[in-house]
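Read through the structure below, which is laid out as structure tokens, and then see the notes.
The values are calculated or read from the model by the stated rules, or taken from the named source; none is laboratory data. The structure displayed is predicted, hence computed values, not measured ones. Ideal geometry is used to build each Cβ from the backbone, glycine not excepted, and the neighbour counts take in all protein chains shown.
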Amino acid sequence: MRPSVLVVVPALLLMSTAASYAQSASHTISVDSSDRLSTNVVGLEVYDGQKNDVGKIQDIVWGGGKTVKGYILSVGGFLGMGTHYVAVDPSVVEVHYDATNKKWAAATTATKEELKAAPEFKYEGQWDASKS
């Protein structure tokens, strides 16, 4: 009986290791070429249809369903003074990769005046809390 125990124990260890690997592998995702990284989006200058700079993507709003709910755009201001933040629907801003110039770009159908007139988003309360 002893030889069969020596065979069963290593087999159980291998099965346990394989199951553990399969479980940890299920926590990963595939990143496709059509996906975006927040580091490529936050900080992008946003231009209107006439190539006028209307603002900058300051932040990304994630909904409770873990999808992009919107963008926070900074509009106007100079050296941080008078900057107006506005939360916009993601359909208002088109973010795309320009393969020819090898850079990310953002465009909107909204004008700078429309964005300045929109309700202001304020970084306060939980939106201004420490990250750690």
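Structure values in brief
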| read-out | value |
| --- | --- |
| Strands (runs of 3 or more DSSP E) fully within region 54-114 counting 2 or more residues that are closer than 18 Å to Arg36 by Cβ and either in contact with a strand residue (DSSP E or B) (Cβ under 7 Å, 6 or more places away or on another chain) or at pLDDT below 90 (or both) | 68-75, 93-98, 103-108 |
| Residue count for region 71-110, restricted to those that are under 14 Å from Val46 (Cα atoms) and of a type in the set (Gly, Ala, Ser) | 8 |
| Among residues of region 89-104, those that are within 16 Å of Ile72 (Cα to Cα) and surrounded by 10 or more Cβ atoms within 10 Å (Cβ to Cβ), counted | 6 |
| Of the criteria (1) hydroxyl-bearing (Ser, Thr, Tyr); (2) exposed (fewer than 10 other Cβ atoms within 10 Å of the Cβ); (3) at pLDDT below 85; (4) farther than 30 Å from Val92 by Cα, which one Thr28 fails | (3) |
| Enumeration of residues in region 32-60 that are surrounded by 12 or more Cβ atoms within 10 Å (Cβ to Cβ) and hydrophobic (A, V, I, L, M, F, W, C) | Val41, Val42, Leu44, Val46, Val54, Ile57, Ile60 |
| Qualifying residue in region 115-122 (condition: surrounded by fewer than 14 Cβ atoms within 10 Å (Cβ to Cβ) and either within 22 Å of the chain's Cα centre (by Cα) or assigned to a strand (DSSP E or B) (or both)) | yes |
| Residues being within 19 Å of Tyr123 (Cβ to Cβ), out of contact with any Pro (no Cβ under 9 Å at 6 or more places or on another chain) and either loosely packed, with under 14 Cβ neighbours inside 10 Å or aliphatic (A, V, I, L, M) (or both) - total across region 61-75 | 5 |
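Yes/no matrix, rows are residues, columns are (1) among the polar types (S, T, N, Q); (2) in contact with a Lys or Arg (Cβ under 9 Å, 6 or more places away or on another chain); (3) touching a residue at least 60 places away in the same chain (Cβ under 8 Å):
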residue: Gly82; (1), (2), (3): no, no, no
residue: Thr100; (1), (2), (3): yes, no, no
residue: Ala110; (1), (2), (3): no, no, yes
residue: Trp127; (1), (2), (3): no, no, no
